[in-house]
Amino acid sequence: MNDHGFTVVAFNRTVEKVDHFLANEAKGTKVIGAHSIEEMVSKLKKPRRVMMLVKAGNPVDEFIEHLIPLLEPGDIIIDGGIHCLKTPTAALNTARAKGFYLSAPA
């Protein structure tokens, strides 16, 4: 994404991983870091596009539940993991109901 001109905000709930990534793999790029979900969302341009690479199941729900109050209708949540939206969870249904666009691998 960075290589194609998109602003990338890296976030991990283990903030040391963000700092390590920025100091190593992302060094010399335009990737910026965030130490909280709130900080990550604040750094994204509207409409926001949040690409999740989160383990399927409860972690997906937990991440989306934290995102929902911070996003606005029209923002996009992309599930880049193996979780499939053909059988949406309660958190995914809530996100859809609030007007968020959802995308996931088929």
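The values are calculated or read from the model by the stated rules, or taken from the named source; none is laboratory data. Just so it is clear, the structure is predicted and the values come from calculations on it, not from any experiment. All Cβ positions, glycine included, derive from the backbone under ideal geometry; neighbour counts span all protein chains shown. Calculation scope for accessible area: heavy atoms of the full protein, side chains included, ligands and nucleic acids excluded. Shrake-Rupley method; radii C 1.70, N 1.55, O 1.52, S 1.80 Å.
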- prompt: Using modelled amide H (1.01 Å from N, peptide plane; none on Pro or chain starts), what sits under 5 Å from the amide H of R49, excluding residues fewer than 5 places away?
  reply: I76
message: Net charge around A91, counting only other residues with Cβ within less than 13 Å of its Cβ (Lys, Arg = +1; Asp, Glu = -1)?
response: -2
message: I need the Debye-formula profile for the chain: one equal scatterer per C-alpha, no solvent, reported as log10 I(q)/I(0) at q = 0.23 1/Å, two decimals.
response: -1.35
- request: Could you check how much of the accessible area of the chain is carbon and sulfur, as a whole percent, using a 1.4 Å probe?
  value: 55
task: Please work out the average accessible area per residue across the chain, using the 1.4 Å probe convention, and give it in Å².
output: 64
